[in-house]
């Protein structure tokens, strides 16, 4: 499944693709760097915060695309629409996918949002969808089928 997400990110023009968290040995066949999870057990907000902190040496307006690895129907064309929205809204902290609600497991984060996310995290929040409501965000409508995640082997069997 992660290979499909890597392919979607690359086809959307992402220059560098890395994995954050997970087993480096299992992810080795992808041929991408694997960063350790800085805040294990702290949910998606901890994952995004750790990812952004890993890029502390980049410019504040740099962007990091964070996508869950269990989205086998995600395509580069869906992601390109998000990249376009980021370009159209240079002051946004985050561009987040939206189906019937925001889908925070598919979002582009500006590095400049790191400090605000840190404050939200330190205040005890762990839900990424609630943290996003405190940021300047742009929502991009994405086909719900592209963001259907896999939770069981039976669900995985639906994808060739």
Please work out if residue 123 is more than 14 Å from the chain's Cα centre (by Cα), more than 27 Å from residue 26 (Cα to Cα) and surrounded by 13 or more Cβ atoms within 10 Å (Cβ to Cβ). no
Step by step: first the residues of segment 98-115, then only those that are without any contact (Cβ under 8 Å) to a residue 40 or more places away in the chain and not in a strand (DSSP E or B), then the one that is surrounded by the most Cβ atoms within 10 Å (Cβ to Cβ). Which residue is that? 115
How many residues, within segment 119-138, are part of a loop (DSSP other than H, G, I, E, B) and under 14 Å from residue 47 (Cα atoms)? 3
What about residue 95, is it part of a loop (DSSP other than H, G, I, E, B) and either in contact with a strand residue (DSSP E or B) (Cβ under 8 Å, 6 or more places away or on another chain) or farther than 18 Å from residue 140 by Cα (or both)? no
What about residue 118, is it surrounded by 13 or more Cβ atoms within 10 Å (Cβ to Cβ) and more than 19 Å from residue 60 (Cα to Cα)? no
From 97, 68, which residue is modelled with pLDDT of 95 or more and within 11 Å of the chain's Cα centre (by Cα)? 97
Condition first: closer than 26 Å to residue 87 by Cβ and free of Cβ contacts under 8 Å to residues at least 24 places away in the same chain. Now tell me which residues in segment 117-145 satisfy that. 133, 134
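The values are calculated or read from the model by the stated rules, or taken from the named source; none is laboratory data. Predicted model only: the values in this text are computed from it and were never measured. With ideal geometry, Cβ positions are generated from the backbone for all residues, glycine too; neighbour counts draw on all protein chains shown.
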